1. Need the list of lysines near B:Lys378 for cross-linking: C-alpha distance under 21 angstrom, and skip anything on the same chain fewer than eight residues off.
2. At 7 Å along Cα-to-Cβ for each site, give me the label-to-label distance between B:Arg513 and A:Arg414 in nm.
3. Using a Förster radius of 45 Å, what is the FRET efficiency between A:Met313 and A:Glu502 based on their Cβ-Cβ separation? Nearest 0.05, please.
4. What nm distances, shortest first, do you get from the label point of B:Gln85 to those in the other copies when the point sits 7 angstrom along Cα to Cβ?
5. In debye to the nearest 20, how big a dipole does the protein assembly as shown give about its Cα centre with +1 on each Lys and Arg Cβ and -1 on each Asp and Glu Cβ?
6. Compute the normalised compactness of chain B: alpha-carbon radius of gyration over 2.2 N^0.38 Å, N being the residue count.
7. Need one value for B:446-452: mean number of C-beta atoms belonging to other chains within 10 Å of its residues' C-beta atoms.
8. Determine, for A:Asp528, A:Asp388, the number of other Cβ atoms within 10 Å of each Cβ, and report the residues in order from fewest to most.
2 protein chains.
Amino acid sequence: MPRSLWGWGLTERRPALDTVAARALPLFGALTPEEPVPDEVALAALQAPRVPVPADLAGFASAAAHERASHARGKAYPDRVRGFQGDHGSAPDLVARPRDEAELLRVLAACEAHKLAAIPFGGGSSVVGGVEPRLGPGHNGAVSIDLAALDRVLEIDDVSRSARIQGGVFGPALEQQLGAQGYSLRHFPQSFEFSTLGGWIATRAGGHYATLHTHIDDLVQSVRMLTPRGLWQSARLPASGAGPDPNRLVCGSEGVLGVITEAWMRIVPRPVYRASASVHFADFDAAVAATREVAQSGLHPANCRLLDAREAMITGVAADNVLLLGFESADHPLGPWLERALAIAIGHGGSCPRGPRLRDDRDKARAPGDDAAESWRKTFLDGPYLQDGLLCLGIIADTFETACTWTAFPELFRAVTAAMNDTLQRVCGGGVVSCRFTHVYPDGPAPYFTFLGRARRGAELEQWAELKQAAGDALSAAGGTITHHHAVGRTHRPWYDRERPEPFAQALRAAKRTLDPAAILNPGVLID
Amino acid sequence: MPRSLWGWGLTERRPALDTVAARALPLFGALTPEEPVPDEVALAALQAPRVPVPADLAGFASAAAHERASHARGKAYPDRVRGFQGDHGSAPDLVARPRDEAELLRVLAACEAHKLAAIPFGGGSSVVGGVEPRLGPGHNGAVSIDLAALDRVLEIDDVSRSARIQGGVFGPALEQQLGAQGYSLRHFPQSFEFSTLGGWIATRAGGHYATLHTHIDDLVQSVRMLTPRGLWQSARLPASGAGPDPNRLVCGSEGVLGVITEAWMRIVPRPVYRASASVHFADFDAAVAATREVAQSGLHPANCRLLDAREAMITGVAADNVLLLGFESADHPLGPWLERALAIAIGHGGSCPRGPRLRDDRDKARAPGDDAAESWRKTFLDGPYLQDGLLCLGIIADTFETACTWTAFPELFRAVTAAMNDTLQRVCGGGVVSCRFTHVYPDGPAPYFTFLGRARRGAELEQWAELKQAAGDALSAAGGTITHHHAVGRTHRPWYDRERPEPFAQALRAAKRTLDPAAILNPGVLID
């Protein structure tokens, strides 16, 4: 099935625009849809490659227009606007699809030899400019290195609950291969269908678990990364105290130190016991206090998602603030866990009209997709398609997320909401900002903001840039990180460069110069 | 109270040698005690400093013999033997005791100016040569930087459960200051009484929790480290996805990149609910299988310590293999947690003759030290004193630890035990090797080995070197890390240098050259 050249995922899954328009009606009134520039028009306008395909890569590289255009950038709102307008000007000069490490090494060697920027490309779902080819000083062209051929689970270790997995495998194929043996990685970012294991590791993706193992980092047992100066292979260890953890320098390296080809990942049996409840709060501060106490309780819920009243309303979940609690286990029923979490929430004034829900799937041969969690997951995974529909209707819809201490949260929430409302008023004539917690920690939440505003056709990029600037500045001023799980790329650089310790930036630059002396890898991302 | 110049901790707490001899009698027969060379004799033999105290440091630095000798090395077995023999030849030329960051900066500047090696020193409990001054190329002398003046909890954030703490504070003073407000860091390494927060972070110490947050790394919210090229200060964040985690490059840096002066640490209220049980197994393999299932259950016990029959016997706990299970919480009673863990263990053939023990301390004003856990902790903390007693009696007593996958464990256990037994036979005429798991993970255990053998007076260092070589080689060959929580220092370099990915070594060296261009910091430790 063909993937959209400008928007999210599969072309055929974009929702019908009249349905989207009906949903947006209460907020924005009647909207007039527009259609994107047809692919054939956009492709005909693509500039010619600056360099030929190196002979050494001919067997697995292409300079075909569609291939190049589909690797031109990620899926941030401005990326989609440009694609919608038929602009694929950031396309690489060629796309290489190595089928093994030997071919990948040939790509890196060719990039060094011909002075080409080398851009690792997984599912292309970056929302921070992380896969958009840009030339650094002295580069003659750019190669997008598409790793989709490295798509297999190579080995499963039942005893140590781990699996050796190739970096280019997409979420569904990964889960299908693990699921055939009863296992799961249980990492479900919103990009799940169109992102890869290697991409998750390179960007420190945030996944399924709301507490404890929130980032992919915690699931990495060992990793294999090809650098221009040799193979980075860490040992298979459950833990070690031998020097700084080498895996933690790979996690978040965003393709500037090497290309991740494989990892041993910690896997789990599919859960069979589930316990969940939705707790409603009239007061947001009380809901936050309840969420904090659950996060600090040591109960470790798999789900602990707080939606503010606006977010609950927009997503159709509820009319007030709602805390979604969930526990999952392959080992034991979770009644006492949920009972205690519910008692905490109710102690802060929450109510649970539907009561707790306990499930035991030991004896059921369940087809995937037959329960409420699967339904929620589908809605969650369809979010980016909805964003495309809104774009066609002239609505800027985007999100940003952070993490901060519980102490800093109230003022951060106030300041960010005020800044976004002010900026939406100024650049869009009004709009909506909502918030949820996607992950929570004993020392703070990860607030995730959604904003919607009316676009002025042709001025969307300027409008978006002002909104993004306001969001980043407000987060940064209030003590939040510029990203909890969307990486830095190029978009977040201004704030990241201030957030990270300066000696760490020096150390990272030194590491980069040593491992990538020709400076071919992902120029402009993360560090200069 | 005076600290021992050669042995562990306080001189007065060394156990009576006749008591130790009585305990050792069944294993080694009658033993003849010897006493260490008296301090005054050893200090009189100390060589003169190679360099004068720099004028700029005069207010807080000393070249007094006792001060220098007490910073000559750590507390590994060979360190103690040298000290016992009156050899403090590795003493620094001066000891600086900065009282704030300004004075610390003056120390680093003086070291650069006068070409002196700068050795960060916390409690001096390193067992891997991590605080022993050695001169690198071009050094004129060495300064030990004792951080004990930085001994305060500066700030507590109740809402975000975190505390800003100075790097030089020792364990008991840290817990006393947090405890005054009802909190604890709950990090209790065996060195607890004579090690510091900064030392724990620099060496990735292993602490109280047997599962989940096993290393200090997980408790670090942000860290402040002075490097020769500027201040490394990370932001206070519960989590972030912005680039590789800068804190993770500080954890395990062992003083080669900078000196840790402060950290915001995640703290917890003191637990009031406890649930524990001891499960006995006739068969070691069954005990391992039970421990693995508990580690993979998602129950997250605070204690999950498996002692093999020999270890249980030596420590007087039991005559068979025993699994110590414990849960602790400040939030909720733990009956269901322990019940499930016990069911797992009994399902593998374990028996629990004393039954589960549940405690609720909500209403008790307990004095510290009044229960079994405190009693065990005291025995645990007294372990290094016992080692001193055995040394006086002519017994080599030492430990080493690792971590490996569950899959690798059976062969690792067999090979390590065989190698140690063979080597003990060869160099000591026999001896004992025992094993326990100090920490466990879903993908593998952290086995901790103890060995005992008879020393030949005067040849202890050669005997120990052969035993250490055998241990390291066996661990390395069987796929274990060279250290789970005792750091690399200099002693573990041969195996660490093979264990770490070569490109990571290059990156680390590049970072070191950038942040410490004069190469003053802890030469020879971790990297060259």
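Each value in this text was obtained by applying a stated rule to the coordinates, not by laboratory testing. None of the values given here were measured: they were computed from a predicted structure. Backbone-built Cβ (ideal geometry, glycine too); neighbour counts: all protein chains shown.
1. Straight-line reach from B:Lys378, under 21 Å: B:Lys75.
2. The modelled label-to-label distance comes out at 5.1 nm.
3. 0.55
4. Spacings between copies for this position, smallest first, are 7.8 nm.
5. 400 debye
6. 0.96
7. Whole-number average of other-chain Cβ neighbours for B:446-452 is 1.
8. A:Asp528, A:Asp388
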